[in-house]
Each structure stands twice: as structure tokens, then as C-alpha cells.
Amino acid sequence: YLYILPAFIIMGGIIVYPVIELIIGSFMTVTGGKEVFVGLRNYRLAFKDPLLWEAIQNNLKLFLCVPVMTVLSLIIAVILFNRIAGWRFYRSIIFLPFILAIPVVGIIFTYILQMNGILNTTLRNLGLDMLAIDWLGNPVLALPSVGAVIIWKQLGFGVVLFLARLMSIDISLYEAAEVDGATWLQKFFQVTIPQAAAVIEFYVIISLIDMLSWVFSFIFVMTAGGPGNRTTVLEFLIYKKSFGGGDFNIAMAISAVVLVMATILIIIHQILLGRREEMST
């Protein structure tokens, strides 16, 4: 306990104390230079704001990126697991976007996806003017465009995670399936998926939390919440409430809502993990 005490002190100072201050501040407001307890006032004002509900809807829409990332990561991991020629090189290339800084990725794709960006210029040169769209300025396409960039960046993490699990599976399971005459698809669903189920669940939960509380940098750099708040997410709304002329305590209340949503996802993961351990025993 003495050895792990410094780690607990650091965690308490960095995580626990700010969370406690956040929860307390969400029930307070500043009047006359002093903090005053106002109960649920900040939460009522937050939930009366239509922008909060739009931000929640946008975060939920970004949740759709998770099944896409999961399926693509698993398929690519299986292909690399079959040791295709140059698989180590492909693994490095796929993982490379994950280690890039988000602002760098956001700026690059802003130049690519804007009205006169690289993508539209290429389409026009190919005579496909009808496909040249303002990907980030179109209210319908702005959020899907940001989602596509997020998928591109995060895909490598899932691939490496799944590939590591596949490489630890007992090869005799695949050999037994081949002896029984199983096809590649049957081995995928009957051996690979069950053996990687725990890792898949972990990746899905972590990715959902990311879509809830990690996409601020993409939104800030690429769209600034526009057009017309169509890409405003909870993190960006908290930023606007805190530093854009809003109420800092209301921003704390919204932050507490995000914390509760993330906690629910973590609890779901723990429940699934507990059930899986019970089944294995």
C-alpha cells in the first residue's frame, strides 16, 4: 500500500478532486462575486436550452461511427492475421493516423474537404462537377464528414487491438475447424468472433466514450460547431458556455451530464465483463 500510495495521491489530485469540484459547482452560481447554492437551477436551464438537445443528438449520431470502426477494424485485422505479403508494413501504415495529433488531422482534412479543397478540385478535373460539394459547409454532410475523418484516424487502434488478440488465439482451434471442413466465413463467425468477443466489447465501449467526450478537437478545428450548430457536440457546447459568454456553472452542469453518460457506459462494460467471467467459470 505504501508503494501504490503516490499513484493514488496523483489520481486523487488529477481525477477525483476535479470531479468533486465539478459536481459541487454544478449546483452553484456566482452572485455579487460570491458563489451561491441554487440547487437544480443550472440543470433546469441547461435542459431548457434547445442547443443541448441538438448537441446530444449529434453525439448520438457519432455513435454510428463505432459499428463502422469495429467491423472495418475486425475485417482488416483478420486479413493481416492471415499473413498476406507485406502485412507488417500494412499494419504500420494503418496505425500511423492514430498517432497523429488531432489538430493536424483536422486542419489537413479541412483543406481537403472545403468547397475549393483538394477533393473537389480533383473531382472537377475529372469532370465530376456534380459531386463537388462543400462537405463541411453543407448542413446535412458536415457531421458525416467529421465522422468519416474520425473513423480514418481511429481505425488503426482497433486493428492493432484485434490483431493482438487474434495472434494469441490457440491455432489448434482453426486447425480443428479446417478438419471439420469449415469455410473461411464459418471460421470467422464460429472461432474468431467468440474468441475476440471480450476485446470487441472493450473496444466498442471505449469508442462510445470517445464519441461522447473526445471529439471536441475535431469539431473545433474543422467546423467550429457549424454550419448552424449542426456539428455542435456536448464538449463544444461546454466550451461555448464556459468561455463564449455563457454561464460557467451551467457548463459544469452539462459536464456532469456527460460524466453520468460516460459512467453508464463504463457500468455496462463492467456488467458484460462480469457476465463473461461467470460464463467462463
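The values are calculated or read from the model by the stated rules, or taken from the named source; none is laboratory data. Since the structure is predicted, the reported quantities are computational estimates derived from the model, not experimental observations. Glycine also receives a Cβ, built like all others from the backbone with ideal geometry; neighbour counts cover every protein chain displayed. The area values use the complete protein model at the heavy-atom level, side chains included, leaving out ligands, DNA and RNA. Shrake-Rupley method; radii C 1.70, N 1.55, O 1.52, S 1.80 Å.
For the reader, a short list of remarks on this structure follows.
- Table column - 3J(HN,Hα) (Hz), segment 184-190, Karplus curve with 6.51, -1.76, 1.60, x for Gly and Pro: 4, 5, 5, 5, 5, 7, 9
- Scanning residues 5 or more positions from MET28 or on other chains, those with amide H under 5 Å from its amide H are VAL38, with H placed 1.01 Å from N in the peptide plane.
- Largest GNM mean-square fluctuation across VAL191, VAL66, VAL221, computed for the chain with C-alpha springs under 10 Å, falls on VAL191.
- Rg(Cα)/(2.2 N^0.38 Å) for the chain, N = residue count: 1.22
- Three principal axis lengths of segment 75-225 [C-alpha, angstrom, descending]: 56, 38, 27
- Note on the chain: with neighbouring protein chains present and a 1.4 Å probe, carbon and sulfur make up 71 percent of its accessible heavy-atom surface.
- Within segment 169-238, none of the chymotrypsin sites (Phe, Trp or Tyr not before Pro) combine a DSSP coil assignment with at most 13 other C-beta atoms in a 10 angstrom radius.
- Mean Cα-pair separation over length for segment 201-281, i.e. relative contact order, pairs under 8 Å, 6 or more apart, %: 29 percent
- Neighbour cut-off at most 12 other Cβ (10 Å), DSSP loop, chymotrypsin sites (Phe, Trp or Tyr not before Pro), segment 1-99: TYR1, TYR3
- Residue of GLN186, GLN154, GLN195 that the Gaussian network model of the chain assigns the largest fluctuation, springs spanning Cα pairs under 10 Å: GLN186
- Tilt relative to the chain, helix 50-62 - C-alpha long axis, 0 to 90 degrees, to 10: 10 degrees
- With q set to 0.19, 0.23 Å⁻¹, the log10 of I(q)/I(0) for segment 192-275, from the Debye formula over equal scatterers at the Cα positions, is -0.86, -1.05.
- Computed from Cα positions, the angle between helix 142-166 and the longest principal axis of the chain comes to roughly 50 degrees.
- Solvent-accessible area per residue for segment 5-95 (1.4 angstrom probe, square angstrom): 64 Å²
- Percentage relative contact order, the chain, counting C-alpha pairs under 8 Å, at least six apart: 27 percent
- GNM flexibility winner over the chain from GLN114, GLN270, GLN57 (Cα, springs under 10 Å): GLN270
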